[in-house]
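*Asks:* Sending over a structure as structure tokens; questions will come in a sec.
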Amino acid sequence: MPPPSIPDPLIARLSSASSVVAFTGAGVSAESGVPTFRSPDGLWNNFRVEELATPQAFEANPRRVWEWYHHRRTLMGETQPNPGHYALAEWGEHVRKFSLITQNVDGLHHRAGSQGIHELHGNILRSKCHTCGKPAGEIGPDKEGKLPYCPCGGPIRPDVVWFGETLPAKVWERAWNDARSADVFLSVGTSSVVYPAAGLIEVAKLAGATLVEVNPEETEQSDLFDFVLRGPSGIVLPEISRILGWATRGDKARPAPR
Ligand code: BJW
Ligand code: ZN
């Protein structure tokens, strides 16, 4: 697929910006083979994310919820960052103040070399106690499927944010401040329906940022954006890097032209 054309005024805005925020969602990892949540292939055993990613689901059936996370941990161990992740890692080296705010728990931005990532919804590799919150490393059910427990007696769970739970306070505060002070705010690969994360788009808009959406599909918030780039992030972001002369590792990550 050829990249959509990137408007010159957007390139000018990006090259003069002091502060750029990229706010990412599951779509940025789609080209790595990680299913998004709200697409038909995002269902797991016919369950929707809203039925699995809740404290109530874990308390009622921890084994089922762990099976889902075990499946996803295994899948993520087999996937690699894609050119979209690498492009954002390059931007971190070129923009005076670059902030990467992600809703993803897959760690692919980190593996692409991005630094100082704000992980709003946690990280799938980490675990913690559901009762006392104590970190529990990377543990999960053992080979026989026995579920792990904390010394306090509470069940161990993935260290991610489920529906009805608050986001990690410090991470949220930093993300909010960065959105508030962005010159350019790019929303990449998110359906923009999950709050409070999706509210950062409006925070940036009200503070006067130029808003850019990178997504092959329209979203509920598309009308808010100044620039809409309809294409996969693994194509669009490296194309922006190429035009700005920021492409370094992204070139290596992309397949060589035939
Ligand atoms: C591509 C592509 C390609 C495809 N390139 N793009 C205010 C208003 C309304 C509701 C609420 C509100 N405040 C709170 C709520 C409730 C709730 C909520 O938002 N519900 C809505 C769904 C209605 N929010 C919460 O409960 C949050 N907590 C909270 O608010 O605390 C305060 C509070 C506490 C107690 C009581 C009341 C308030 C917590 C939300 C936690 C979300 N957690 C999950 C799971 C994380 C762990 C895990 O991964 O297992 O986070 S749910 C899931 O959705 C995950 C994601 O991070 C999140 C967002 O999904 P995302 O990334 O946008 O993915 P998709 O699949 O939706 O979209 C993918 C997009 O990619 C699509 O647009 C494609 O087109 C695109 N795409 N290929 C670029 N190649
Ligand atoms: Zn505990």
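*Asks:* List pairs: first residue in region 39-57 and within 16 Å of VAL160 (Cβ to Cβ) and modelled with pLDDT of 90 or more, second residue aromatic (Phe, Trp, Tyr) and not in a loop (DSSP other than H, G, I, E, B) anywhere in the structure, Cβ distance under 6 angstrom, at least six positions apart or on different chains.
*Replies:* Qualifying pairs under 6 Å: LEU52/TRP68.
*Asks:* Based on this model, can you work out whether ASP223 counts as touching a helix residue (DSSP H, G or I) at 6+ places or on another chain (Cβ under 9 Å) and either in a loop (DSSP other than H, G, I, E, B) or over 23 Å from VAL49 (Cα atoms) (or both)? Step through it out loud before you land on a result.
*Replies:* Values: touching a helix residue (DSSP H, G or I) at 6+ places or on another chain (Cβ under 9 Å): no; either in a loop (DSSP other than H, G, I, E, B) or over 23 Å from VAL49 (Cα atoms) (or both): yes.
No.
*Asks:* Conditions first: (1) closer than 23 Å to GLU138 by Cβ; (2) surrounded by fewer than 21 Cβ atoms within 10 Å (Cβ to Cβ); (3) of a type in the set (Gly, Ala, Ser); (4) in contact (Cβ under 8 Å) with a residue 24 or more places away in the chain. GLY77 passes all but one, so which condition is the exception?
*Replies:* (4)
*Asks:* Ok, one more. Would you mind stating whether GLU202 is surrounded by fewer than 23 Cβ atoms within 10 Å (Cβ to Cβ), under 24 Å from ALA112 (Cα atoms) and more than 10 Å from ligand 1 (Cβ to nearest atom)?
*Replies:* no
*Asks:* Do the conditions hold for GLY92, that is, is it among the small types (Gly, Ala, Ser), surrounded by fewer than 18 Cβ atoms within 10 Å (Cβ to Cβ), more than 22 Å from PRO148 (Cα to Cα) and in contact with a Ser or Thr (Cβ under 6 Å, 6 or more places away or on another chain)?
*Replies:* On the way: among the small types (Gly, Ala, Ser): yes; surrounded by fewer than 18 Cβ atoms within 10 Å (Cβ to Cβ): no; more than 22 Å from PRO148 (Cα to Cα): yes; in contact with a Ser or Thr (Cβ under 6 Å, 6 or more places away or on another chain): yes.
So GLY92 does not fit the description; no.
*Asks:* So, one more: Out of the residues in region 229-258 that are touching an Asp or Glu at 6+ places or on another chain (Cβ under 7 Å), small (Gly, Ala, Ser) and modelled with pLDDT of 95 or more, which is surrounded by the fewest Cβ atoms within 10 Å (Cβ to Cβ)?
*Replies:* Per the stated criteria, the residue is SER241.
*Asks:* Now for a separate question. Restricting to region 116-154, and then to whatever is touching a His at 6+ places or on another chain (Cβ under 8 Å) and within 15 Å of ligand 1 (Cβ to nearest atom), can you tell me which residue is nearest to TYR69 (Cα to Cα)?
*Replies:* GLY140
*Asks:* Does THR102 satisfy being at pLDDT 95 or above and touching an Asp or Glu at 6+ places or on another chain (Cβ under 7 Å)? Walk me through it before giving the result.
*Replies:* Details: at pLDDT 95 or above: yes; touching an Asp or Glu at 6+ places or on another chain (Cβ under 7 Å): yes.
Judged against the criteria, THR102 is a match.
*Asks:* Is it the case that region 35-45 has a residue that's hydrophobic (A, V, I, L, M, F, W, C) and closer than 30 Å to ILE240 by Cβ?
*Replies:* As a first pass, look at region 35-45 and keep what is hydrophobic (A, V, I, L, M, F, W, C): 37, 43-44.
Within this subset, residues satisfying the condition of being closer than 30 Å to ILE240 by Cβ are 37.
The answer is yes; a qualifying residue exists.
*Asks:* A follow-up question, please. One residue is enough: does region 8-18 have a residue meeting the conditions part of a helix (DSSP H, G or I) and either within 15 Å of ligand 1 (Cβ to nearest atom) or farther than 26 Å from GLY208 by Cα (or both)?
*Replies:* Here is the first cut: in region 8-18, the ones part of a helix (DSSP H, G or I) are 8-16.
Okay, now just the ones that are also either within 15 Å of ligand 1 (Cβ to nearest atom) or farther than 26 Å from GLY208 by Cα (or both), so none.
Among the residues of region 8-18, not one is part of a helix (DSSP H, G or I) and either within 15 Å of ligand 1 (Cβ to nearest atom) or farther than 26 Å from GLY208 by Cα (or both), which makes the answer no.
Conditions tested, residue by residue: (1) part of a strand (DSSP E or B); (2) under 30 Å from VAL184 (Cα atoms); (3) in contact with a Lys or Arg (Cβ under 8 Å, 6 or more places away or on another chain); (4) within 16 Å of ligand 2 (Cβ to nearest atom).
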site: GLU51; (1), (2), (3), (4): no, no, no, no
site: LEU75; (1), (2), (3), (4): no, no, no, no
site: ILE101; (1), (2), (3), (4): yes, yes, no, no
site: LEU125; (1), (2), (3), (4): yes, no, yes, no
site: CYS152; (1), (2), (3), (4): no, no, yes, yes
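*Asks:* Here is a further query. Does ASN104 qualify as being buried (at least 23 other Cβ atoms within 10 Å of the Cβ) and within 11 Å of ligand 1 (Cβ to nearest atom)?
*Replies:* Values: buried (at least 23 other Cβ atoms within 10 Å of the Cβ): yes; within 11 Å of ligand 1 (Cβ to nearest atom): yes.
Criteria met by ASN104.
*Asks:* Here's something else I'd like to know. Under 9 Å by Cβ, and 6 or more places apart or on different chains, what pairs join a residue from region 108-126 that is among the polar types (S, T, N, Q) with one that is part of a helix (DSSP H, G or I)?
*Replies:* Filtered contacts from region 108-126: SER114/HIS85; SER114/LEU88; SER114/ALA89; SER114/TRP91; SER114/GLY92; GLN115/ALA89; GLN115/GLY92; ASN123/HIS110.
*Asks:* Related question: How many residues are of a type in the set (Ser, Thr, Tyr), under 14 Å from THR24 (Cα atoms) and near ligand 1 (Cβ under 6 Å from one of its atoms) if we restrict to region 155-199? Steps first, answer last, please.
*Replies:* Pass one, region 155-199, residues of a type in the set (Ser, Thr, Tyr): 166, 181, 187, 190-192, 195.
From the residues that got through so far, the ones that are under 14 Å from THR24 (Cα atoms) too are 187, 190-192, 195.
Then drop every residue that is not near ligand 1 (Cβ under 6 Å from one of its atoms), which leaves 190-191, 195.
Matching residues across region 155-199 total 3.
*Asks:* What is the number of the single condition among (1) surrounded by 17 or more Cβ atoms within 10 Å (Cβ to Cβ); (2) over 14 Å from THR54 (Cα atoms); (3) under 23 Å from the mean Cα position of the chain (by Cα) that ILE156 does not meet?
*Replies:* Against the list (1) surrounded by 17 or more Cβ atoms within 10 Å (Cβ to Cβ); (2) over 14 Å from THR54 (Cα atoms); (3) under 23 Å from the mean Cα position of the chain (by Cα), ILE156 comes up short only on (3).
The values are calculated or read from the model by the stated rules, or taken from the named source; none is laboratory data. Quick caveat, the model's predicted, so the values are computed rather than measured. Cβ atoms come from the backbone with ideal geometry, glycine included; neighbour counts cover every protein chain shown.
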